[in-house]
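Sharing a structure here in structure tokens format.
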Amino acid sequence: MTPKSDQSDLIREAKAIVVLAFRNGPIEDVHAGKTCPACNGKVGYSRISDDEIKLIMKNAVNRVYWLLRLKADDPVSYERQIAHGERCTLSWDDPE
């Protein structure tokens, strides 16, 4: 499914939400660590512990919830957050 040009606001919002709710959260700590020399590039090896994924997903859910509440309760502040997140996604591919 290719995004339609009339969905540019939705594309912008989706990318910004991912940055704000996921990329700029605990996953950055995992990503910033050293590459595992034993499992680097090998499919089938877990590189994130159960505790780490739980923290990552809990943070993402909390941030998405916060953003959706902000969108409903304070659209101006929500737009500021989206604009902030958008600055991190300028080189990202659009969704398919």
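The values are calculated or read from the model by the stated rules, or taken from the named source; none is laboratory data. Predicted, not measured: the structure shown is a model, and the values here were computed from it. When we count neighbours, we look across all protein chains shown, and the Cβ atoms used for this are built from the backbone with ideal geometry, even at glycine.
Does any residue in the range 50-67 that is over 13 Å from P26 (Cα atoms) come within less than 9 Å, Cβ to Cβ, of a residue that is surrounded by fewer than 12 Cβ atoms within 10 Å (Cβ to Cβ) and modelled with pLDDT under 95 six or more places away or on a different chain, and which pairs are these?
Cβ pairs passing all conditions: none.
Quick one: count up the residues across the range 43-52 that are modelled with pLDDT of 80 or more and out of contact with any Pro (no Cβ under 8 Å at 6 or more places or on another chain).
Total satisfying the criteria: 6.
Considering only residues of the range 1-53 that are of a type in the set (S, T, Y) and not in a loop (DSSP other than H, G, I, E, B), which is surrounded by the fewest Cβ atoms within 10 Å (Cβ to Cβ)?
S5
Of all residues in the range 54-96, how many are of a type in the set (D, E, K, R), exposed (fewer than 11 other Cβ atoms within 10 Å of the Cβ) and assigned to a helix (DSSP H, G or I)?
1
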